[in-house]
Amino acid sequence: MASDQSPQRPGGDPPSDALARVPDQLWASILIEALPYIRAYQGARVVIKQGGHAMTDPELQRNLALDVALLRFVGVNPVVVHGGGPQIDDLLKKLGLGRQFVEGYRYTDEPTLDVVRMVLGGHLGKDIASQLCQAGAKALALTGQDGRLIQAQRKTLPQASGEELDIGLVGEPTQINRELLEHLFQGGIIPVISPVGVDESGQSYNINADSAAAAVAESLKAARLILMTDVPGVLGPDGRLISRLTASEIEALKKEGAISGGMLPKLASCLKAVKGGCQGAAIIDGRVPHAVLLELLTDHGYGTEVVLG
Ligand SMILES: Nc1ncnc2c1ncn2[C@@H]1O[C@H](COP(=O)(O)OP(=O)(O)OP(=O)(O)O)[C@@H](O)[C@H]1O
Ligand SMILES: [Mg+2]
């Protein structure tokens, strides 16, 4: 490939010292190791959720854009759904507004919903799509309101007492406009989805990004749902990574109090997706450079795989 006509590296970067020292034969074996996976994922839909916490490092962000663009060029149809917890918190703070979480979901009143819509739809989604375009891919940022991509209804949390707990303008997806996604795939476009939903009356909702990603994965019967976060995966009570979890094991860990906060919607989302026909779901460490490529295109298993049992 080394000629004056060689394709430019993304951003025109020279190869790093580490890369320059990789022997040619090793390069070839690394590429060949990916072959069965590339073949298996040809034309497949893969839904990748970028966690807000793992999105605060610009280098990781850029790496992820390169990974997703590469997946597109080897024949996968990736969909990116993104969170934005820390970025929403920052703007709430600047505006003198508070934050409150209930069982991992952000309590959302009207002013909070405005901030959520601004940060996710106005800023983060656009930046992710722009980085994908910079990596040579075609990408389009949409919120769930655009084209009624994520239709939703108000979500409440069932309590042991039998009551339903109100968490404000938080939505749960009821339907995904799959046709719109299919049009984008046909055009070779990577959809970047900000998790804001809309109901019949036009009311918009804040949707947990894991729930939105699961609904998209379920609707597309995706080959894989990958939830990237800021921990190595699900950690057990001893603090060690659990590499595989079934529905009943998740229930047991919840009863023990070993799972809390943002991990609750994440596991609920993985289970919902696999029950709904997504072929596999995993929670992986988004802080590891190129975690998505390693997860999809190598023999190495990363993070926690959620299975039906
Ligand atoms: N058993 C557990 N194993 C691992 N993490 C856990 C566990 N229980 C709770 N957590 C928490 O879940 C968090 C991940 O969820 P969180 O919602 O904070 O991030 P995210 O979903 O990646 O980002 P965002 O919500 O912005 O999209 C971890 O940082 C950790 O604090
Ligand atoms: Mg979260």
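The values are calculated or read from the model by the stated rules, or taken from the named source; none is laboratory data. All values derive from a computational prediction rather than experimental measurement. As a convention, Cβ positions derive from the backbone with ideal geometry for all residues, glycine included, and neighbour counts pool all protein chains shown.
Computed values, structure above
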quantity: In the stretch 27-52, the residues that are outside any strand (DSSP E or B), in contact with a helix residue (DSSP H, G or I) (Cβ under 6 Å, 6 or more places away or on another chain) and under 23 Å from I207 (Cα atoms); calculated: G52
quantity: Selection count where residues are more than 14 Å from the chain's Cα centre (by Cα), surrounded by 19 or more Cβ atoms within 10 Å (Cβ to Cβ) and within 26 Å of P289 (Cα to Cα), scope the stretch 234-263; calculated: 4
quantity: Criterion violated by C270 - all others in (1) over 30 Å from W27 (Cα atoms); (2) touching a Leu at 6+ places or on another chain (Cβ under 9 Å); (3) more than 14 Å from ligand 1 (Cβ to nearest atom) satisfied; calculated: (3)
quantity: Those residues of the stretch 266-275 which are within 12 Å of ligand 2 (Cβ to nearest atom) and either crowded, with 23+ Cβ neighbours inside 10 Å or closer than 15 Å to L235 by Cα (or both), in sequence order; calculated: K266, L267, S269
quantity: Residue match in the stretch 212-222 (condition: in contact (Cβ under 8 Å) with a residue 12 or more places away in the chain and near ligand 1 (Cβ under 9 Å from one of its atoms)); calculated: no
quantity: Test result for A258, at pLDDT 95 or above, small (G, A, S) and under 29 Å from E33 (Cβ atoms); calculated: no
quantity: From G202, G197, residue being surrounded by 24 or more Cβ atoms within 10 Å (Cβ to Cβ) and not hydrophobic (A, V, I, L, M, F, W, C); calculated: G197
quantity: Residues that are over 15 Å from the mean Cα position of the chain (by Cα) and farther than 16 Å from L235 by Cα, drawn from the stretch 290-306; calculated: L294, L297, T298, D299, H300
quantity: Inter-residue pairs, beta-carbon under 9 Å, first more than 17 Å from Q87 (Cα to Cα) and in the stretch 98-110, second within 14 Å of ligand 1 (Cβ to nearest atom), 6+ apart; calculated: V102/V170; E103/S260; E103/G261; E103/L264; E103/P265
quantity: Condition check for R117: in contact with an Asp or Glu (Cβ under 8 Å, 6 or more places away or on another chain), within 16 Å of ligand 1 (Cβ to nearest atom) and either modelled with pLDDT under 95 or not in a strand (DSSP E or B) (or both); calculated: no
